[in-house]
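Peer 1: Structure provided below as structure tokens; questions to follow.
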Amino acid sequence: MAEAATQTAFAGPEPVLSQDEAAGWKNVLGLPCTISVEIPLPAFTVKDLLNLEPQVVISSDWATTSNLPLRVNGEAVAWCEFEVLGNQLAIRLTELA
């Protein structure tokens, strides 16, 4: 199975840290983390999962402006909504948890 390409993008201001804060965070700032956005699809079945192919569109009753939970390494840290930027799908943070 081919491994999916990973693209990293961060569109926002760099955090402003004092020298003491920067020294405390120095050892962990480069650690990788996994970010996930979960969209509830209550009618989605295992059969639907097995029928997934490239270019398939999965419909949802979830409104595009509704807040979705954003998780980092499985922990909910914020709420977000989807946004289209050019030809890319992005998320906009709306509230920190």
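Peer 1: Of all residues in the range 49-74, which are in a loop (DSSP other than H, G, I, E, B), exposed (fewer than 11 other Cβ atoms within 10 Å of the Cβ) and out of contact with any Asp or Glu (no Cβ under 8 Å at 6 or more places or on another chain)? Even if it seems obvious, please write down each step before you answer.
Peer 2: In the first step, residues of the range 49-74 are kept if they are in a loop (DSSP other than H, G, I, E, B); the result is 51-67, 73-74.
With exposed (fewer than 11 other Cβ atoms within 10 Å of the Cβ) added as a condition, the list becomes 51-59, 61, 63-65, 74.
Once the filter is applied, which keeps residues that are in a loop (DSSP other than H, G, I, E, B), exposed (fewer than 11 other Cβ atoms within 10 Å of the Cβ) and out of contact with any Asp or Glu (no Cβ under 8 Å at 6 or more places or on another chain), the range 49-74 yields 51, 52, 53, 54, 55, 56, 57, 59, 61, 63, 74.
Peer 1: Taking interchain pairs and intrachain pairs at least six residues apart, which have beta carbon atoms under 6 angstrom, with the first residue in the range 21-44 and charged (D, E, K, R) and the second surrounded by 10 or more Cβ atoms within 10 Å (Cβ to Cβ)?
Peer 2: 38/69
Peer 1: Give the residue that is modelled with the highest pLDDT, with candidates limited to residues of the range 1-32 that are surrounded by 10 or more Cβ atoms within 10 Å (Cβ to Cβ) and in a loop (DSSP other than H, G, I, E, B). Walk me through it before giving the result.
Peer 2: Kept after step one, since they are surrounded by 10 or more Cβ atoms within 10 Å (Cβ to Cβ), are these residues of the range 1-32: 17, 21-26.
Add one more test, that the residue is in a loop (DSSP other than H, G, I, E, B), and what stays is 17, 26.
Details: 17: 76, 26: 81.
My answer is 26.
The values are calculated or read from the model by the stated rules, or taken from the named source; none is laboratory data. Just so it is clear, the structure is predicted and the values come from calculations on it, not from any experiment. Note that each Cβ is placed from the backbone with ideal geometry, even for glycine, and that neighbours are counted across all protein chains shown.
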